[in-house]
Amino acid sequence: MDSVNVTLDVNLFVMVAVIIVYLGAVAFLSWLGRIKSRGDDFASGGRNIPSAVMALSYGAAFISTSAIVGFGGMAAEIGMSLIWLAGANIFFGIFLAFAVFGKRTRAVGLTLDAHTFPEFLSKRFASPFIRYFTAAVMIVSMPLYAAAVLIGAARILESLLGVPYEYALAAFSLLVAVYVLIGGLRGVMYTDALQGTLMIAGMLFLLVAMFIKLGGPIDAFSKLHAMKELVPPESAAAGHQGWLSDPKVFSPVWWTLYSSLVFGVGVGVLAQPHLAVRCLTVKTSAELNRAAAVGGVFILITVATPYVLGALSNVFFYEKDGVLASVAAGHNVDSVIPLLIKQAMPGWFSYFFMLVILSAAVSTLSSQFHAIGVAFGRDVLEAAARGRLSRRSSVLISRIGIVAAVLLTVFLSMKMGAGIIARATSIFFGIMASGWLAPFLLSLYWQRLTKAGAIAGMVCGLTAALIGFLFFHESESAVFGLAQLLTGNPAVVMNIFRFVDPLVYALPISLFFTVVVSFFTKVTNADTVKKCFQNIKNMIQ
Amino acid sequence: MTGGEFSVLLGVIFLFASAFLCIVYGILNSIRRRPLSEKERTEEEKWLDEEEKIDDEWTGGV
């Protein structure tokens, strides 16, 4: 892989001043979160967060550097078919998450007085095991995802500003840890809202500036369409048919696009614990309706823009240097968007883009650190103490959990190799969606769902996903090396199945066991379930 | 237009249709927001009242 210099030409003093103003705003909002917080607010934000703040926070926590830089770069390679993922992000991640499942999540969460995702499931099924199990899986696997975001952010700082990777890593972690510790979830959501606003402004500017540069949207897409003859032979062999076309159906690129990205990330978002918990933070169900509108616009701008930019970057680099974007970026797709900013945008935009990137990374990391810390403090230690801990001690333990999460994430970030960002993200999304999506969504609709059914669904779905990642899905099994050890190949089965994301089979397995085991077992907490569904009826129109 | 290009076009339609759905749903439900039912109001007020009573341990009641 060739190395490409994407360091931006910036004035260091101006950059430092901009960052200080940004940090000042973040510090102020964290402080605001703190003074408005009460005891349980640390975990759930006090359940009276305004809808716009909630929607921006959800979106900002959802969209990280990997969405802007990673997936944007991927669009430079795959093309505009990634737009299906943006649509899925809005339809599943916003509309269904807020307007359909969110209201029920909120109604059940309020009935059970649940403040975290593990607590929600545990109280819904009257099972301490579910709480410990869910929290433990989060504590073990979420730092992988957090490390992926942290690595992405640090690499961008390193490449754009020339800051040493280790310093960037330390600075990011410290910044996020401090304001999560200070403000709790309310502080996290206030700062997320600021960061979400910056992301919208940055993306809108990028899109408009790019279209102007390429002669308007119609010209830009016409040029991109005309470039289909330039698809490299090896990409064409893997199914690539041009940047304005889907890959060949059932080709390796097609499976990667639809099973890992559109299905895995687009649908898998419904079971992400740090996002699901956002629905517990608003005051009324009506706030979720308004949040759907704000969230829809936010995702449309912040997700669709990098995908369009990524695809169109081929036109820009081809016109400028006569090469495709991936070639211009030294075959490192993660460098495409930073390089595009450097070569296509005005110099002053570099400062603003830095803030957009900072915002995207920090907002996701803060939610992750908060979720891991609260899982450790509230869901493991406080639950184990069975009421013997005071509220103050619980918050203190959550804070210790956050510090531990930060340290573990930094450690993983130092140890994890290059090119791990997408894999770590997809593993975490896959694990949570495979194990938790079916029991979680069914718990909102089906009174007959039992504790045993939920546990069976979680355990079987998780096991199937882990087996898939370890042995069958080549992009992960090749890294773990177990398949190589057993069969001499990077994946156990070397046909097209090695490109199929484990979520495709783990989710149906989880659903199957959740339903079948529920049919053969009894509901052990019928009164609680009845109350939950009564409140769903009362609280939802 | 090839099948692959048509699929991308469908993707674009899906993207804007989803965004439009969110916006229309959000706006319509905000305009036609019914008052809280007695049962719902009581439930939420009860919960909020309870929260109010909790001592503010971080700020000493600020």
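The values are calculated or read from the model by the stated rules, or taken from the named source; none is laboratory data. Values in this document were obtained by computation on a predicted structure and should not be read as measured data. Using ideal geometry, Cβ is built from the backbone for each residue, glycine included, and neighbour counts are taken over all protein chains shown. Side chains included, ligands, DNA and RNA excluded: accessible areas come from the protein's heavy atoms. Shrake-Rupley method; radii C 1.70, N 1.55, O 1.52, S 1.80 Å.
Observations on the structure shown:
- Restricted to helices (runs of 4 or more DSSP H) entirely inside the stretch A:255-339, those with at least 1 residues that are free of Cβ contacts under 8 Å to residues at least 60 places away in the same chain are A:285-321, A:325-328.
- The set of residues in the stretch A:96-116 that are surrounded by 24 or more Cβ atoms within 10 Å (Cβ to Cβ) and within 9 Å of chain B (Cβ to nearest Cβ) contains only A:98.
- Selection from the stretch A:318-332 of residues that are closer than 17 Å to residue A:222 by Cβ and either open to solvent by less than 10 Å² (accessible area, probe 1.4 Å) or touching a helix residue (DSSP H, G or I) at 6+ places or on another chain (Cβ under 7 Å) (or both): A:318
- Residues (in contact (Cβ under 8 Å) with a residue 60 or more places away in the chain and either at positive phi or of a type in the set (A, V, I, L, M, F, W, C) (or both)) located in the stretch A:364-383: A:365, A:369, A:371, A:372, A:374, A:375, A:376, A:380, A:383
- Here residue A:74 meets the list (1) within 12 Å of chain B (Cβ to nearest Cβ); (2) at pLDDT 70 or above almost entirely, failing just condition (1).
- Of note, residue A:32 satisfies the criterion of being over 27 Å from residue A:341 (Cβ atoms), open to solvent by 10 Å² or more (accessible area, probe 1.4 Å), modelled with pLDDT of 65 or more and assigned to a helix (DSSP H, G or I).
- A residue that is at pLDDT 85 or above, part of a helix (DSSP H, G or I) and buried (at least 24 other Cβ atoms within 10 Å of the Cβ) occurs nowhere in the stretch A:51-61.
- Output for the stretch A:263-284, where each listed residue is modelled with pLDDT of 80 or more, surrounded by 24 or more Cβ atoms within 10 Å (Cβ to Cβ) and within 13 Å of chain B (Cβ to nearest Cβ): none
- For the stretch A:295-312, the count of residues that are more than 14 Å from every other protein chain (Cβ to nearest Cβ), within 26 Å of residue A:226 (Cβ to Cβ) and open to solvent by 40 Å² or more (accessible area, probe 1.4 Å) is zero.
- The requirement of being open to solvent by less than 20 Å² (accessible area, probe 1.4 Å), touching a Gly at 6+ places or on another chain (Cβ under 8 Å) and more than 30 Å from residue A:335 (Cα to Cα) is fulfilled somewhere in the stretch A:117-136, by at least one residue.
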